[in-house]
Amino acid sequence: MIKIGVAGCGGIGSNVAMNLVRAGIKNFILVDFDKIEETNLNRQFYFKNQIGLYKAPTLMKNLKSINENLNIDFFVEKIDKNNILDFFSDCDIIIEAFDKKEFKTLLIENYSTKYIISANGIGGRDLKNIKNLTFNKLTVIGDFYSDIKIYQTYSTKVMFIACLMANKVLDIIGGFSDEKI
């Protein structure tokens, strides 16, 4: 069975996972240390009554509301150089959905033999300049310039990029012979 790791359960991670569950994927590992804030609701797969809850277990609950037969492990932990190898070793594909460059780099460097789908440039509303670049087992999707520290985030662009990332996962899975999702 294919297992997907989700490193960061915010706008990108929660929406990629939601799309993959709707596509039939059933095995996940979710990792995030953060709590849901009201400002997250415009682009993340959470609801007003979930404000203040931790993202990883809440995402599991929301995904299971789509399909109760999922196999999901979650960790409410901040990933760092000391624990990075504790989470995704048995995953086939990892969704890199961190906000900060240093965590993106840490994940990519430590799991270079895994398929990793990453986002870069999800701010603003520009959908025309989104690119999909693949380097061996690493795919990066985004516009590569609109840092969320500078540009506001909109659900339209976040969801668009999350859908492209989920579709890349499905493309990769199509390449696995005799595997079931």
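Every read-out reported here was derived from the displayed coordinates using simple, explicitly stated rules and does not represent laboratory data. Keep in mind the model is a prediction, meaning the values are calculated, not measured. All Cβ positions, even for glycine, are placed from backbone atoms using ideal geometry, and neighbour counts span all protein chains on display.
Per DSSP H run of at least 4 residues, take -39500 (n - 2.57); add these up for the chain, divide by its residues and hand me the 222 nm value, nearest 500 deg cm²/dmol.
Only helices count here, giving -9000 deg cm²/dmol.
Please state the relative contact order of segment 27-181 as a whole percent: Cα pairs under 8 Å, 6+ residues apart?
19 percent
If neighbour count is taken as other Cβ atoms inside 10 Å, put GLU37, GLU102 in order from fewest to most.
Numbers: GLU37 13, GLU102 10.
Taking fewest neighbouring Cβ atoms as first place, the list is GLU102, GLU37.
For segment 61-80 and segment 157-171, compute the distance between their C-alpha centroids and round to whole Å.
Segment 61-80 and segment 157-171 have Cα centres spaced 19 Å from each other.
With label points built 7 Å along Cα→Cβ from the Cα atoms of LYS100 and LEU85, find their separation and express it in nm.
Modelled inter-label distance: 2.2 nm.
Count the DSSP beta bridges whose two residues both fall in segment 4-174, then state the antiparallel fraction as a percent rounded to the nearest 5.
20 percent
Of all trypsin sites (Lys or Arg not before Pro) in segment 12-102, which ones are in loop regions per DSSP and have a Cβ with at most 12 other Cβ atoms within 10 Å? Don't skip to the answer; put the middle values down first.
Values: sites: ARG22, LYS26, LYS35, ARG43, LYS48, LYS55, LYS61, LYS64, LYS78, LYS81, LYS100, LYS101; in loops: LYS26, ARG43, LYS78, LYS81, LYS100.
Answer by residue number: LYS78, LYS81, LYS100.
Among rounded, prolate and oblate, which fits segment 4-174 when a ≥ b ≥ c are the square roots of the eigenvalues of its C-alpha gyration tensor, a/c under 1.5 means rounded, and a/b larger than b/c means prolate? Kindly include the intermediate steps, with their values, before the conclusion.
Details: a/c = 1.25, a/b = 1.04, b/c = 1.20.
It is rounded, given that a/c, with a ≥ b ≥ c, falls under 1.5.
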